[in-house]
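Values quoted throughout were computed directly from the atomic coordinates according to the rules given, and no laboratory measurement underlies them. Quantities reported herein were computed from a predicted structural model and do not represent experimental measurements. No Cβ is skipped: glycine too gets one built from the backbone with ideal geometry, and neighbour counts run over all protein chains shown.
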Amino acid sequence: MYAIGFPVFTITLSALLMYAASFMPRELQKAYNLFAVLTSFTGFYFLIWCINPYVEKDFNPVFYYGAMILISSALTHATVYIEQYFNRLTSIVHYLLRVIYSADKDGYIKESKQGEYDKVKVEAVDYVVENER
């Protein structure tokens, strides 16, 4: 029973990751789904290893190397998705901070510059809305 606990845990974890991915932004959904697939792959791998009577001691070493290549390439792919997501968020925050700083660097906005500030504010909101999802 102890040998089956880890595979059941990892398969359950992959199901929870897939469920959590539905609440994430689109860029992070890809990474979460990829991690969920890798977790389920690991869980089913160990489940087969525990239950299969034809595996006497271990799998063929070729299978191990193939699994390592598959998992490492998938994790690299997921890392790229996550990095792109955070880079995009960082650029949006930097843009908004530039707008706020340039509009309010002298304190309050003067009446003569109110129209220009409103124009910049609309551009900032449009930029955020375009890059939201």
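Could you work out how far apart the two model spin labels at VAL125 and ALA67 are, taking each label as a point 7 Å from the Cα in the direction of the beta carbon, and quote it in nm?
Modelled inter-label distance: 5.4 nm.
Within the set of other residues whose C-beta is less than 13 Å from the C-beta of GLU83, count the net charge using Lys and Arg as +1 and Asp and Glu as -1.
Values: positive: LYS30, ARG88; negative: GLU27.
For residues surrounding GLU83, the net value is +1.
Tell me the label-point distance for the pair ARG26, ALA3, using the 7 Å Cα-to-Cβ offset, in nm and rounded to one decimal.
My value for the distance between the label points is 4.6 nm.
Work out from phi, with θ = phi - 60° and the Karplus expression 6.51 cos²θ - 1.76 cosθ + 1.60, the ³J(HN,Hα) of each residue of the stretch 7-16, listed in order in whole Hz, and give x for Gly and Pro.
Karplus values, whole Hz, x for Gly and Pro: x, 5, 4, 5, 5, 5, 4, 5, 5, 5.
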